[in-house]
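Here is the structure we will look at.
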Number of protein chains: 2
Amino acid sequence: MTVVDPASGSLAHLGLARSAVTGSTTAERAANAVREEVVEGRLRPGTRLPDTELAELLGVSRNTMREAMSQLVTERVLVRHPNRGVYVATPNIDDVRDVYRARRLIERAAIRWGEDADPVRIAALRAAVTEGQKAVAAGDWPAVASANQHFHRALVALAGSPRLEQQMALLLAEMRLIFHRMPEVREFHEPFVGRNDRVCALIEQGDREAAEQELADYLDEAEAQLLEAYAKL
Amino acid sequence: MTVVDPASGSLAHLGLARSAVTGSTTAERAANAVREEVVEGRLRPGTRLPDTELAELLGVSRNTMREAMSQLVTERVLVRHPNRGVYVATPNIDDVRDVYRARRLIERAAIRWGEDADPVRIAALRAAVTEGQKAVAAGDWPAVASANQHFHRALVALAGSPRLEQQMALLLAEMRLIFHRMPEVREFHEPFVGRNDRVCALIEQGDREAAEQELADYLDEAEAQLLEAYAKL
DNA sequence: CTTGTAGGATTGTTGAACAATCCATATGCT
DNA sequence: AGCATATGGATTGTTCAACAATCCTACAAG
């Protein structure tokens with residue numbers, strides 16, 4: 001009865017923790033629940049998501065579920081194949097390139113043209129670095145990945161623009177999808193903790209230009225590694 | 001029966017040209033129709049949009065209409081006041097500041113770090129400049145405003161990133177909303193046609209740094225003018 | 001082996017219904 | 001009169017049930 005597609009398997013095994021999900025409207029809560037499942041990797045890229053099945057799992061109506069899914073489609077977390085269903089997005093090599101193109105521009109610009117001396121924002125950046133170092137020490141690799149995300153979010157926050165922060169949040173969600181296509185989480189994220197420290201230190205010293213250059217190299221290397229991994233399929 | 005709210009008046013007078021509207025799904029078409037009405041200024045900022053009324057006007061069901069409106073809310077074209085309705089967004093002075101903050105970062109970065117010599121993209125930029133000059137010569141001020149938008153879109157296109165272009169499209173849609181709160185379209189847009197030419201010329205000469213600086217001044221001045229106009233309410 | 005044609009399933013869309021919430025008005029009290 | 005409270009109507013938020021359109025699969029025919 002329940003159709004199982006090649007890339008996924010049934011959805012029934014998912015916890016879809018309804019409890020911890022926040023959001024004011026029902027559709028919003030449903031979207032948050034599914035987004036979390038996706039970015040946490042419990043729903044793998046390529047998984048098909050029939051609205052009727054998800055609606056039942058989350059205890060909402062099909063209409064509400066469809067509204068939530070439309071939302072996630074605009075966020076690029078899901079993709080819609082008209083008349084064929086909605087799937088967890090499967091970023092390809094061009095997506096990787098474009099996400100890095102956008103990140104390079106936004107993050108470098110945030111360093112170069114962000115508020116020059118905002119102690120509280122720089123402290124937040126430092127906190128993200130520390131978080132990553134502690135996670136490495138503890139050997140908690142998912143936490144390392146999270147800390148990395150917090151670092152880049154804090155970097156863009158230097159620009160002081162809610163709109164840019166929101167855009168960055170989207171790009172980072174897409175990054176998690178990209179990572180979930182290649183599961184060597186540990187090897188990938190660990191070396192960047194040290195580079196985060198270096199970028200942060202340069203910003204603390206007020207040398208924005210050097211920080212920007214360091215970050216540019218950093219992003220180039222990360223992209224190159226991902227592209228290589230993606231080339232092997 | 002039809003409630004008329006202070007800021008708007010009834011919606012019945014709108015053409016809501018169903019014919020020219022494209023889009024694959026019904027909700028998409030409905031969203032496009034409403035977005036067009038808003039950015040073209042036929043639906044003024046602050047106008048209340050009852051779903052039932054809009055659904056009837058567009059000939060779609062209420063469910064579909066609500067999905068379309070949710071989409072426009074995420075685009076910041078509309079805002080939702082929970083349990084109180086959906087309204088055409090009314091950007092305030094902080095929104096103006098933030099939109100310009102984001103634009104300054106993205107547009108300057110696109111100039112500085114865009115593909116250095118992409119003749120076709122630079123030609124598109126030049127075309128937008130010419131379009132503006134022709135519009136000025138013809139005294140067609142709405143066309144001047146459109147050409148300006150095309151110019152800035154072409155600027156971001158230098159970066160070669162679809163994701164950034166999409167983000168820019170959102171920011172430009174918001175700009176139109178900002179303009180519609182102060183109707184001196186002519187006085188505002190005309191002086192910038194010359195500056196577009198200067199920026200474009202500098203890029204054509206390969207002097208990215210000067211172009212970037214010129215654009216930074218340009219955006220600062222535009223923002224200052226808008227903030228002044230907004231301060232007067 | 002290709003073409004064509006049902007069959008079944010899922011998506012896209014609609015209409016109607018109902019609870020929850022808000023606004024404005026009317027009511028009652030001091 | 002002035003103010004708090006109750007009440008009614010309207011709109012939003014959400015659900016349910018239905019149906020048309022589309023697609024995939026399997027099977028039959030050439």
message = Among B:59, B:72, B:87, whose Cα projects farthest towards the positive end of the dipole of segment B:26-88, with charges put on the beta-carbon of Lys, Arg (+1) and Asp, Glu (-1)?
response = B:87
inquiry  = Tell me the accessible surface of residue B:134 in square angstrom (1.4 angstrom probe, heavy atoms of protein chains only), to the nearest ten.
reply    = 140
task = Could you list which residues have their amide H under 5 Å from that of residue A:78, counting only those 5 or more apart in sequence or on another chain, with H placed in the peptide plane?
result = A:73, A:89
ask   = Any idea what % of Cα-Cα pairs in segment A:26-88 are farther than 14 Å?
value = 48
request  = Would you mind giving the total buried accessible surface between chains B and A, with a 1.4 Å probe and ligands, DNA and RNA left out, rounded to the nearest 100 Å²?
outcome  = 2800
key: segment A:103-233 - percent relative contact order, Cα under 8 Å, separation 6 or more   = 32
note = Given Cβ charges of +1 for Lys and Arg and -1 for Asp and Glu, the option among B:222, B:211, B:113 whose Cα lies farthest towards the positive end of the dipole of segment B:93-231 is B:113
message = Which three numbers, in whole Å and largest first, are the semi-axes of the equivalent ellipsoid of segment B:58-129 derived from its Cα gyration tensor as √(5λ)?
response = 36, 18, 10
query = Taking the Cα centre of chain A as the origin, how large is its charge dipole in debye, to the nearest 20, when only Lys and Arg (+1) and Asp and Glu (-1) carry charge on their Cβ atoms?
reply = 700
request  = Mind putting a number on the dipole of segment B:128-207 about its Cα centre? Charges go on the C-beta only, +1 for Lys and Arg and -1 for Asp and Glu, and I need it in Debye to the nearest 20.
outcome  = 180
query = How much solvent-accessible surface does residue A:34 expose, in Å² to the nearest 10, with a 1.4 Å probe and all protein chains in place?
reply = 0
query = What share of all Cα pairs of segment B:93-231, in percent, falls into each consecutive 10 Å distance bin?
reply = 12, 46, 36, 6, 0
note = Note to self: C-alpha centroids of segment B:89-112 and segment A:146-175 sit apart, in Å, by 16
ask   = How many partner chain Cβ atoms sit within 10 Å of a residue's Cβ in peptide A:98-105, on average, as a whole number?
value = 6
query = Taking accessible area as the heavy-atom solvent-accessible surface of the protein chains with a 1.4 Å probe, which residues of segment A:53-74 lose no less than 40 Å² upon going from the isolated chain to the full protein assembly?
reply = A:67, A:74
request  = Might you tell me the accessible area per residue for the protein assembly as shown, computed with a 1.4 Å probe and given in Å²?
outcome  = 46
key: Dipole moment magnitude, nearest 20 debye, segment B:93-231 about Cα centre, only Lys, Arg, Asp, Glu C-beta charged   = 340
remark   = Residues meeting the amide H criterion for residue B:180 (H placed from the backbone, H to H distance under 5 Å, 5 or more places apart or on another chain) are none
ask   = Rounded to whole Å and sorted largest first, what semi-axes of the equivalent ellipsoid does the C-alpha gyration tensor of segment A:29-155 yield via the square root of 5 times each eigenvalue?
value = 33, 18, 15
inquiry  = Name the residue from A:34, A:173, A:196 whose Cα lies farthest towards the positive end of the charge dipole of chain A, charges +1 on Cβ of Lys and Arg and -1 on Cβ of Asp and Glu.
reply    = A:34
query = In segment B:93-231, carbon and sulfur make up what percent of the accessible area (probe 1.4 Å)?
reply = 51
note = Short to long, in 5 Å steps from zero, the percent of alpha-carbon pairs of chain A per bin is 1, 6, 13, 16, 18, 15, 12, 9, 5, 2, 1, 0, 0
task = Jot down the radius of gyration and Dmax of the protein assembly as shown, Cα atoms only, both in angstrom.
result = 23.4, 69
Computed helical MRE - 222 nm, chain B, DSSP H runs ≥ 4 contributing -39500 (n - 2.57), nearest 500 = -22500 deg cm²/dmol
inquiry  = With a 1.4 Å probe and all protein chains kept in place, how much accessible area does residue B:28 have, in Å² rounded to the nearest 10?
reply    = 80
request  = Quote the relative contact order of chain B in percent (integer), defining contacts as alpha-carbon pairs under 8 Å separated by 6+ residues.
outcome  = 20
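The values are calculated or read from the model by the stated rules, or taken from the named source; none is laboratory data. Keep in mind that what you see is a predicted model, and the values were worked out from it rather than measured. Because the Cβ atoms are built from the backbone with ideal geometry, glycine has one as well, and the counts that use them run over all protein chains shown. Side chains included, ligands, DNA and RNA excluded: accessible areas come from the protein's heavy atoms. Shrake-Rupley method; radii C 1.70, N 1.55, O 1.52, S 1.80 Å.
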